[in-house]
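Reviewing the structure listed below.
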Amino acid sequence: METYSDACDFIQDHKVALACIVTTACSLIAFKKFMAGGVCRSKAHMNGKTVLITGANTGIGKETARDLAHRGARVLLACRDVTKAERAAEDIRKSTENENVVVYILDLASLKSVRQCANEVLTKETRLDVLINNAGVMWTPNVKTADGFDMQFGTNHLGHFLFTNLLLDLVKKSTPSRIINVSSLAHIRGKINFDDLNSEKGFSTMKAYAQSKLANVLFTRELSKRLQGTNVTANSLHPGVVATELVRFIDNYVLPVRTFINLMYYGLVKHLNKTPVQGAQTTIYCAVDPGIENVSGKYFSDCAIKEEAPQAQDDEAAARLWKVSEEMVGLTQKS
């Protein structure tokens with residue numbers, strides 16, 4: 001039987017290794033706490049308000065929906081997969097005791113679906129106080145949307161661009177109202193290549209993703225300018241590095257790359273990233289906090305205004321992107 005003395009001898013013999021283990025463990029705990037980021041502390045109620053969230057059947061979209069339903073809002077889940085959406089809606093109803101959770105079908109990779117969903121919302125809903133463009137794809141292979149656009153640019157930007165514009169009159173009718181675009185810190189690596197928006201010249205999935213996230217911020221900037229005087233605000237945000245289903249496309253990569261990503265993500269990164277609840281905090285903050293009711297055209301992270309990348313502050317590029325996006329989606333003033 002080991003004695004107290006044996007334990008002391010073991011500690012003495014391995015004190016350097018044990019110190020390293022303890023230091024590493026403490027560092028990882030501190031890093032995870034740091035990664036958790038800000039928390040929305042507003043107790044604001046959403047009774048009588050209607051919120052629409054794209055991609056709300058999983059991840060931060062679902063947790064955003066759950067929080068806003070708990071605050072009393074009528075919550076519309078606009079999702080591509082109806083089975084997952086209905087399952088998420090039922091889960092939210094049960095956990096919040098709010099029966100006012102409704103599913104709409106929306107595939108942002110199809111402009112036809114975007115128009116159909118928008119028309120259905122306009123037909124059935126009498127108000128839209130908060131529109132949260134949350135859905136997105138990341139690191140997709142070199143594939144196109146139903147309309148021939150790069151999957152990431154088409155889904156993350158063009159789909160939301162059209163959807164927002166089609167719902168804009170209803171949002172204006174419901175003032176004071178808010179539009180929230182979920183972007184990413186990845187926008188700092190983005191560049192809007194107006195000569196190759198569909199990434200057809202030397203495709204890079206990471207460059208395409210960064211371009212689409214930069215487009216989210218520029219779209220928000222121009223939208224905010226166009227909404228001046230309407231009592232509708234538009235802001236973008238970085239939710240943080242969150243453990244969600246965004247990495248689901250890694251199975252499309254060659255084995256060495258897939259193996260590396262799996263080892264990094266499931267072996268370490270996933271356990272240090274924000275949870276979906278933590279990742280939803282900035283979106284919730286932008287949707288409910290009364291202190292930013294008149295704040296528009298800003299970029300948020302960890303429940304605070306942060307400065308976006310220099311290329312995301314380019315008003316000329318924002319205006320040009322808006323015009324090009326209108327042409328790409330076939331949007332006119334009367335669409």
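Bear in mind these aren't lab numbers, they're just calculated from the coordinates by the rules spelled out. Here the structure is a predicted model, which is why all the values come from computation and not from measurement. In this analysis, Cβ positions are derived from the backbone assuming ideal geometry, glycine residues included, and neighbour counts consider all displayed protein chains.
Net charge of the neighbourhood of Ser301, taken over other residues with C-beta under 14 Å away and scored Lys/Arg +1, Asp/Glu -1, is +1.
Full extension of the segment from Val39 to Lys144, taken as 0.36 nm per residue of separation minus the current Cα-Cα distance, would add 34.1 nm. Dipole size of region 37-329 about its Cα centre, with +1 on Lys/Arg Cβ and -1 on Asp/Glu Cβ: approximately 400 debye, rounded to the nearest 20.
Taking the Cβ of Ser236 as the center, what net charge do the other residues with Cβ under 11 Å away carry, scoring Lys and Arg +1 and Asp and Glu -1? Summing Lys/Arg as +1 and Asp/Glu as -1 gives +3. Extension gain for the segment Thr126 to Arg226, taken as residue separation times 0.36 nm less the Cα-Cα distance, is 33.7 nm to one decimal. The slack in the chain from Ala319 to Ser95, taken as 0.36 nm per residue of separation less the alpha-carbon distance, amounts to 76.4 nm. Sorting Val101, Val114 by the number of Cβ atoms found within 10 Å of their own Cβ, with the fewest placed first, yields Val101, Val114. Spin-label pair Asp169-Lys191: with each label point 7 Å from Cα along the Cα-Cβ axis, the two points sit 4.1 nm from one another.
Taking a ≥ b ≥ c as the square roots of the eigenvalues of the alpha carbon gyration tensor, region 76-184 is oblate, as a/c is not under 1.5 and a/b does not beat b/c. By definition, a body whose alpha carbon gyration tensor gives a ≥ b ≥ c is rounded when a/c is under 1.5, and region 37-329 falls into this rounded group. Each of Ala309, Ala65, Asn47 was scored by the projection of its Cα onto the charge dipole of region 37-329, and the greatest displacement toward the positive side belongs to Asn47; charges sit on the C-beta of Lys, Arg, Asp and Glu. From least to most packed, judged by other beta carbons within 10 angstrom and beginning with the fewest, Lys201, Lys213, Lys225 follow the order Lys201, Lys225, Lys213. Taking the Kirkwood radius as Rh and the Cα radius of gyration as Rg, region 64-121 has a ratio of Rg/Rh equal to 1.01. Ordered by the count of other Cβ atoms within 10 Å of each Cβ, fewest first, Asp169, Asp129, Asp289 give Asp169, Asp289, Asp129.
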